[in-house]
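J.: Here's a structure for you.
All of the numbers you see were taken from the coordinates with simple rules; none came from a lab. The model shown is predicted, which means the values in this text are computed figures rather than measured ones. Cβ atoms come from the backbone with ideal geometry, glycine included; neighbour counts cover every protein chain shown.
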Amino acid sequence: MANRKNARKWKRHGVQALWALLTNSYLIGFAQGKIYKGSLKNLCVPGLNCYSCPGALGACPIGAMQAVIGNWNFKFAFYVTGFLTFVGALLGRFVCGWLCPFGLIEDLLHKIPFPKKIGAFKGDKLLRKLKYLILLVFVILLPMFLVDVMGQGAPYFCKLICPAGTLEGGLPLVLLNKSMRSALGWLYAWKNMLLLVTVFLSVIIYRPFCKYICPLGAIYSVFNPISVFHYRIDESACIGCGACAKACHMQVDPVKSANDPECIRCGACKKACPVRAIN
């Protein structure tokens, strides 16, 4: 039984890895130290995938939103909004569990052995509200009101916070471009410190970035209760054993809230149910 569960986990990781490879398949970018700027870059990918990653073929929806939200005359702003609404209404946070490259990195980091793994803790639920504040301030308000003459705002979340951007874009580009290394300053040091903290916390806490920081997860979480892809509990079959809640790394109790905003649709609860009451 344990072997089957582990095989299913790695099957999900296989899907995550395949999607990460497909959306970051501009491999020549890593050799040349350049960013792909072709027509595919006008399209958003569902997960948090840095625009500046040398291998990235598409645009990160959070980065795209920050760039155009200051001027609603830009048709692209409506495209990004519509894209997020469509993906959220269809999949909810399934994207977080199956299609986000940085989510895969967090999953793998958490598999590293550590003396004491941390699940829920005092203040955990309150801290999870932080991602909504970050979404409001750094993705919406600052780019909307602090704009240039073209009506474009700076990507404040990407610039000041996002560890995924540092790992996928910042580090590769700096390593591959000597001219960039000579221009490094306090901001680069700050972003790398945030990345190191995120990596360490990911070893001891399951997906800390997803739980507390990610504004894309905050957007998709709003759609979880109403998305087309969702969970359903067969109350007549449920025996109340609590196995599903115990299996959930996001600390969600499916019996109480099958489509909780924090659920990333990883399927751990469904696999743990002894009577197959979760569909």
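J.: Based on DSSP H runs of at least 4 residues, each adding -39500 (n - 2.57), what is the mean residue ellipticity at 222 nm of the chain after dividing by all its residues, to the nearest 500 deg cm²/dmol?
T.: So the helix-based figure for the chain works out to -13500 deg cm²/dmol.
J.: Counting just the Cα atoms, what span does the chain cover along each of its three principal axes? Round to the nearest Å and put the largest first.
T.: Dimensions of the chain along the principal axes of its Cα atoms: 60, 42, 36 Å.
J.: Turning to a different aspect of this structure: Using all Cα-Cα distances in the stretch 76-140, what percent lands in each 5 angstrom bin from 0 up to the longest?
T.: Pairs per bin, as whole percents: 3, 12, 11, 20, 25, 14, 8, 4, 2, 0.
J.: Can you pull the percent of Cα pairs in the stretch 44-99 with separation above 16 Å?
T.: Within the stretch 44-99, distances greater than 16 Å cover 44 percent of Cα pairs.
J.: Here is a further query. Once the mean 1/r over all distinct Cα pairs of the stretch 65-186 is inverted, what Kirkwood radius in angstroms do you read off? Provide the component values of the computation, followed by the final result.
T.: Numbers: mean 1/r = 0.0575 Å⁻¹.
Kirkwood hydrodynamic radius for the stretch 65-186: 17.4 Å.
J.: Continuing with this model, one more query. Testing the spin-label approximation: label points 7 Å from Cα along Cα→Cβ at C241 and F145. State their distance in nm.
T.: 5.4 nm
J.: Mind ordering 137-148, 220-231 by average Cβ neighbours within 10 Å, highest first? Before the final figure, lay out the partial values.
T.: Working: 137-148: 16.6, 220-231: 18.4.
Order by mean packing, descending: 220-231, 137-148.
J.: Mind scanning K122/K211; K116/K159; K131/K159; K34/K159; K41/K129; K111/K271 and naming the pairs with a C-alpha gap bigger than 22 Å? Can you show the working numbers first?
T.: Values: K122/K211 14 Å; K116/K159 33 Å; K131/K159 16 Å; K34/K159 19 Å; K41/K129 31 Å; K111/K271 19 Å.
Cα-Cα > 22 Å for K116/K159; K41/K129; rest within.
J.: How charged is the neighbourhood of L216? Take every other residue with its Cβ under 15 Å from the Cβ of L216, and add Lys/Arg as +1 and Asp/Glu as -1.
T.: +3
J.: Evaluate Rg over Rh across the stretch 9-79, taking Cα atoms for both radii and Kirkwood's formula for Rh.
T.: 1.05
J.: In the stretch 151-279, if every C-alpha pair distance is counted and binned at 5 Å from zero, what percent goes to each bin?
T.: 2, 10, 15, 16, 13, 11, 10, 8, 7, 5, 3, 1, 0, 0
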